[in-house]
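The values are calculated or read from the model by the stated rules, or taken from the named source; none is laboratory data. All figures in this text were calculated on a predicted structure; none of them were measured in a lab. We place every Cβ from the backbone using ideal geometry, glycine too, and count neighbours over all the protein chains shown. SASA here: full protein model, heavy atoms, side chains in, ligands and nucleic acids out. Shrake-Rupley method; radii C 1.70, N 1.55, O 1.52, S 1.80 Å.
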Amino acid sequence: MKRELFTGVNSILFNKYFQTNEDSYSYLAAIKWENNNYVCKRCSSIDYCSGKQPFSRLCVKCGYDESPTVGTAFEKCKFPLLLAFHIVFKVSTKKKGMSSIELSNEFGLRQKTCWSFKQKIQQAMCSSKLHKLSGEVHVDEFYIGQYEENKEGRNSASKKRLVVVALEILEKGVGRAYAQVIESASAKEFRPFFEDFIDHDAKITTDEWRGYLPLKKDYPFLIQKPSGKGLNFKELHIHIMNIQGWLRGIHHHCSKEHLQGYLDEFHFRYNRRAFMETIFNVTLRKMIFITKK
Ligand SMILES: [Zn+2]
């Protein structure tokens, strides 16, 4: 059962590594109960023997047989765990991820089934909010339409969602970024986003929109400058175009209430673009140790 962690983004190696359901259960169990952290969910005893299900642990005190999937995002999964692992691998390692329609075609599952599972992956891809943006940070907001009924017109504003986005500007290139759906471009809506994702000492630049003004009190290095039709925020506008292009390109049915999940997914991969070797394990771990809402 002691196997090395799988690293990398190579599908052929991944297919070799995970060939059977057993391979996935064993891997899941090894991570879930790493460093001997088994505690019976029923009686808190730490003594166990092998259970009846693949790689499950049977509490010797109360007899509760716990499958590795219990308490993880894989619990009650409607298809084999091996398939679930392959989906997590594809969604996390492919540069643009995969839509539920693409997953459905590739894995022979119903689109709705893929969509539900994809939601679980997206939940795991939600930021831990532990690594705030620092240094030079550009902030702006933009609209995202609902592409399934994207008719330009008088009512289109109500079908659009406002998103605030922040991007680190490095000496060479760009760093990490985060985005969040907001109700309005007001300081009240901006503040929680700033609190969660931007360091108080960051050198923040926004356009001259007054909604950012009240934040200067808590973010002393925040400056405002004219947008110049986006020219003064070139990197940020490229980033926004990338988000919009990605959503339009493969996620035709991104509805209002699910937009945040897609923004989280986009930025999870984006912020780990230099660490692709471990992205599968990072995603998997988050799905295993996910805290249920
Ligand atoms: Zn027990």
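Structure summary
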{"quantity": "Electrostatic dipole magnitude of the chain [Cβ: Lys, Arg +1; Asp, Glu -1; Cα centre; debye, to 20]", "calculated": "540"}
{"quantity": "Solvent exposure, largest accessible area first (probe 1.4 Å, DNA, RNA and ligands not counted), of Asp199, Asp47", "calculated": "Asp47, Asp199"}
{"quantity": "Cα lying deepest toward the dipole's positive end in the chain, options Ser116, Val282, His131, charges on Cβ", "calculated": "Ser116"}
{"quantity": "Cross-link reach list, lysines versus Lys286, counting only Cα pairs under 20 Å and skipping chain neighbours closer than eight places", "calculated": "Lys32, Lys41, Lys76, Lys78, Lys90, Lys94, Lys95, Lys96, Lys118, Lys120, Lys129, Lys132"}
{"quantity": "Convex hull volume of the range 1-152 per residue (C-alpha atoms, cubic angstrom)", "calculated": "188"}
{"quantity": "Portion, in percent, of the accessible area of the chain that falls on carbon or sulfur, probe 1.4 Å", "calculated": "52"}
{"quantity": "Probe 1.4 Å - accessible area at Arg191, Å² to nearest ten", "calculated": "80"}
{"quantity": "Nearby aspartates and glutamates by direct alpha-carbon distance to Lys159 (threshold 18 angstrom, same-chain neighbours under 8 apart not counted)", "calculated": "Glu141, Glu148, Glu149, Glu183, Glu257"}
{"quantity": "Ranking by accessible area, most exposed first, for Met276, Met125 with a 1.4 Å probe", "calculated": "Met276, Met125"}
{"quantity": "Overall Cα dimensions of the chain, principal axis frame, Å, largest first", "calculated": "66, 41, 34"}
{"quantity": "Inter-part distance where the range 72-106 and the range 219-235 are each reduced to a Cα centre, Å", "calculated": "39"}
{"quantity": "Where labels lie 7 Å past Cα in the beta-carbon direction, separation of Phe289 and Leu231 in nm", "calculated": "4.9"}
{"quantity": "Per residue, in Å², the accessible surface of the chain once ligands and nucleic acids are set aside, probe 1.4 Å", "calculated": "54"}
{"quantity": "Exposure ranking of Ile101, Ile204 by accessible area [1.4 Å probe, largest first]", "calculated": "Ile101, Ile204"}
{"quantity": "The chain, helix-only ellipticity at 222 nm - DSSP H runs n ≥ 4, -39,500 (n - 2.57), divided by all residues, nearest 500", "calculated": "-11000 deg cm²/dmol"}
